[in-house]
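Novice: There's a structure below that I have some questions on.
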Amino acid sequence: MSKAKLWSKGMAIDEKIEQFTIGKDRELDVELAKVDVLGSLAHVQMLNEEGIISDEEFPAIKKGLLAILDAVNAGDFTINEGVEDVHSQVELLLGKEGGRIHTGRSRNDQVLVDLKLFYRVKLDELIKKLISLSGLFLEIADKNKDTLMPGYTHTQVAMTSSFGMWFTAFAEAFKEDAEYLMAIFPIINKNPLGSAAGYGSSFPLNRTRTTELLGFESMHVNPINAQYGRGKSELIMSQALANISLNINKLATDMILYSNENYRFLSLPSALTTGSSIMPHKKNPDVFELIRAYSNSLMNLPSQITMIVSNLTTGYHRDFQLLKEYLFPAFNKVSELLDLIEYTLPRLKITEHIVEDEKYAYLLTVDAVNELVKKGIPFRDAYLQVGKSIEKGQFQKPSKLEHTHEGSLGNLGISAIKDDLEKLTKNNPYRKIEDILSKLISD
């Protein structure tokens with residue numbers, strides 16, 4: 001038997017239609033339980049301060065919300081069968097006081113604030129993971145800075161690289177992903193409470209106060225824009241997840257290629273590979289093949305989000321409900337892939353003396369050209385001179401490598417990237433938010 005809905009006016013609803021419209025809300029909304037309670041705590045405190053909820057009513061409501069929060073933190077919160085979402089479950093658990101928490105609020109701005117609070121947590125988690133992973137790449141890069149490997153353009157042997165340079169590239173790429181997340185944080189960190197159904201409320205709400213209580217950087221001033229932001233926020237974050245996935249994909253593709261028997265630049269321990277049911281010699285890099293496949297799928301996320309929110313007129317639409325079904329699992333999957341990379345990296349075995357193979361004889365042709373230029377020969381003449389020596393089979397590679405500029409083989413710039421990571425950690429905005437939310441719970 002279905003419980004009463006927040007929007008119920010006493011009329012029955014067809015069960016088949018009800019199940020379809022609820023969709024996966026009950027399953028996904030469990031993840032929103034903590035932030036839903038936090039949003040309600042701030043809302044009812046503001047209502048009490050504005051005299052909309054009395055001093056006699058407020059303590060019981062807050063006590064009930066804190067009890068629900070304790071259940072959430074203990075892993076004991078569930079959404080009952082027949083209850084359509086987390087908001088309804090919280091009201092149900094509050095009993096008679098539950099009806100008061102919806103004063104001056106619509107389910108539209110309630111779910112919006114839940115999502116904003118939830119997305120802040122997810123952004124913070126990813127920023128920390130990216131900083132940690134980037135630091136690990138730098139550590140491994142430093143250990144392998146003198147181990148040379150071929151660099152490629154057009155998938156053809158091009159110039160000398162090193163494992164230090166290769167690992168540092170991913171360190172910087174994932175660091176830039178963290179910077180991107182930090183850049184979009186202020187856009188996500190805006191308070192929509194008070195926008196109600198998208199057109200404000202006749203109650204004298206103090207929106208500045210709920211902005212302060214929840215640690216938002218600012219508010220969506222216009223209530224229509226607050227509702228319009230649903231979908232836009234998700235699109236911005238989906239692009240961030242796609243950016244991370246692109247780097248993950250590049251790494252996985254390199255790992256698969258470089259561990260191939262025809263390359264043998266690196267190898268995975270047997271415990272991290274799988275075998276064949278027919279070929280006893282096989283050691284398959286399935287973990288990176290699946291990482292590649294998942295990252296390919298995740299890079300499609302912005303297109304999926306765009307197709308849901310396109311062609312919608314101003315105002316709320318039930319279409320928005322589907323955004324959770326795409327974005328929530330995407331956050332979890334990106335996080336899982338980052339964890340897997342951090343787990344496998346220290347276990348890689350790097351091959352040494354790769355470039356001594358004869359097929360890499362021309363890796364230093366550019367260095368040979370540059371040596372001639374340093375002696376006063378114009379670049380184009382030096383280029384032709386080295387080219388002719390290659391044609392005649394007379395090319396002599398330089399006796400030593402001299403790369404000194406920032407980011408080059410002899411100066412990888414590891415310390416500069418480390419400094420950036422330290423700044424990111426120091427400037428992470430969620431540290432201050434955690435203190436504000438702790439105060440909301442304790443006051």
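Novice: If I ask for residues that are closer than 23 Å to Ile187 by Cα and either touching a residue at least 60 places away in the same chain (Cβ under 8 Å) or surrounded by 15 or more Cβ atoms within 10 Å (Cβ to Cβ) (or both), which ones from the stretch 396-433 would you list?
Specialist: Hits for the stretch 396-433 are Asp420, Leu421, Leu424, Thr425, Asn427, Asn428, Pro429, Tyr430, Lys432, Ile433.
Novice: Across the stretch 221-256, what is the total count of residues that are closer than 20 Å to Phe163 by Cβ and either touching a Phe, Trp or Tyr at 6+ places or on another chain (Cβ under 7 Å) or hydrophobic (A, V, I, L, M, F, W, C) (or both)?
Specialist: 6
Novice: Can you name the condition, by its number, that Leu214 falls short on among (1) touching a strand residue (DSSP E or B) at 6+ places or on another chain (Cβ under 7 Å); (2) surrounded by fewer than 23 Cβ atoms within 10 Å (Cβ to Cβ); (3) of a type in the set (A, V, I, L, M, F, W, C); (4) under 25 Å from Pro429 (Cα atoms)?
Specialist: Of (1) touching a strand residue (DSSP E or B) at 6+ places or on another chain (Cβ under 7 Å); (2) surrounded by fewer than 23 Cβ atoms within 10 Å (Cβ to Cβ); (3) of a type in the set (A, V, I, L, M, F, W, C); (4) under 25 Å from Pro429 (Cα atoms), only one is false for Leu214: (2).
Novice: Among Ser259, Ser238, Ser233, which is closer than 19 Å to Thr344 by Cβ and surrounded by 18 or more Cβ atoms within 10 Å (Cβ to Cβ)?
Specialist: Working: Ser238 fails: closer than 19 Å to Thr344 by Cβ; Ser233 fails: closer than 19 Å to Thr344 by Cβ.
Result: Ser259 is the single residue among Ser259, Ser238, Ser233 that is closer than 19 Å to Thr344 by Cβ and surrounded by 18 or more Cβ atoms within 10 Å (Cβ to Cβ).
Novice: Pairs, please: C-beta under 7 Å, at least 6 apart or cross-chain, first residue assigned to a helix (DSSP H, G or I) and in the stretch 180-191, second of a type in the set (D, E, K, R)?
Specialist: Cβ pairs passing all conditions: Pro186/Glu217; Ile188/Lys116; Ile188/Arg120.
Residues checked against (1) of a type in the set (Lys, Arg); (2) within 26 Å of Ser297 (Cα to Cα):
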site	(1), (2)
Leu323	no, yes
Asp339	no, yes
Tyr360	no, no
Val369	no, no
Lys374	yes, no
Asp381	no, no
Gly387	no, no
Phe395	no, no
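Novice: For the stretch 405-431, enumerate the residues that are over 23 Å from Gly164 (Cα atoms) and not in a helix (DSSP H, G or I). Break it down into steps so the answer makes sense when it comes.
Specialist: Step one: list which residues in the stretch 405-431 are over 23 Å from Gly164 (Cα atoms), which gives 425-431.
Within the stretch 405-431, Asn428, Pro429 meet the criteria.
Novice: Can I ask one more? Would the stretch 86-97 turn up any residue that is outside any helix (DSSP H, G or I), within 30 Å of Ser195 (Cβ to Cβ) and not assigned by TED's automatic domain parsing to the domain that holds Tyr228? Quick ask: steps written out before the conclusion?
Specialist: At the first step, the residues of the stretch 86-97 found to be outside any helix (DSSP H, G or I) are none.
Checked against the condition, which is being outside any helix (DSSP H, G or I), within 30 Å of Ser195 (Cβ to Cβ) and not assigned by TED's automatic domain parsing to the domain that holds Tyr228, the stretch 86-97 yields no hits at all.
Novice: What helices (runs of 4 or more DSSP H), lying completely within the stretch 309-402, carry at least 1 residues that are more than 30 Å from Pro285 (Cα to Cα) and in the same structural domain as Ile131 (by TED's automatic domain parsing)?
Specialist: Details: elements: 321-344, 365-374, 379-391.
Counting at least 1 such residues, we get 321-344.
Novice: Read through the list (1) of a type in the set (A, V, I, L, M, F, W, C); (2) in a helix (DSSP H, G or I); (3) touching an Asp or Glu at 6+ places or on another chain (Cβ under 9 Å); (4) assigned by TED's automatic domain parsing to the domain that holds Leu348, then give the number of the only condition that Met159 fails.
Specialist: Of everything listed in (1) of a type in the set (A, V, I, L, M, F, W, C); (2) in a helix (DSSP H, G or I); (3) touching an Asp or Glu at 6+ places or on another chain (Cβ under 9 Å); (4) assigned by TED's automatic domain parsing to the domain that holds Leu348, Met159 misses just condition (2).
Here is a yes/no grid of residues against (1) modelled with pLDDT under 95; (2) of a type in the set (Val, Ile, Thr); (3) more than 22 Å from Tyr263 (Cβ to Cβ):
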site	(1), (2), (3)
Asn332	no, no, yes
Leu338	no, no, yes
Ile341	no, yes, no
Leu348	no, no, no
Glu352	no, no, no
Glu358	yes, no, no
Pro378	no, no, yes
Gly393	yes, no, yes
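Novice: Which of the residues spanning the stretch 131-156 are assigned to a helix (DSSP H, G or I) and closer than 28 Å to Ala242 by Cβ? Outline the logic, then answer.
Specialist: Of all residues in the stretch 131-156, those assigned to a helix (DSSP H, G or I) come to 131-143.
Across the stretch 131-156, the qualifying residues are Ile131, Ser132, Leu133, Ser134, Gly135, Leu136, Phe137, Leu138, Glu139, Ile140, Ala141.
Novice: Residues that are among the β-branched types (Val, Ile, Thr), at pLDDT 95 or above and either crowded, with 19+ Cβ neighbours inside 10 Å or not assigned by TED's automatic domain parsing to the domain that holds Leu112 (or both): does the stretch 174-185 have at least one? Talk me through it step by step, then tell me what you get.
Specialist: The first filter runs over the stretch 174-185 and keeps only residues among the β-branched types (Val, Ile, Thr), leaving 184.
Still in the list and also at pLDDT 95 or above: 184.
Subsequent filtering for residues that are either crowded, with 19+ Cβ neighbours inside 10 Å or not assigned by TED's automatic domain parsing to the domain that holds Leu112 (or both) retains none.
Within the stretch 174-185, none of the residues are among the β-branched types (Val, Ile, Thr), at pLDDT 95 or above and either crowded, with 19+ Cβ neighbours inside 10 Å or not assigned by TED's automatic domain parsing to the domain that holds Leu112 (or both).
The values are calculated or read from the model by the stated rules, or taken from the named source; none is laboratory data. Quick caveat: nothing in here was measured; it's all calculated off a predicted structure. Positions of Cβ are backbone-derived with ideal geometry, glycine not excepted, and every protein chain shown enters the neighbour counts.
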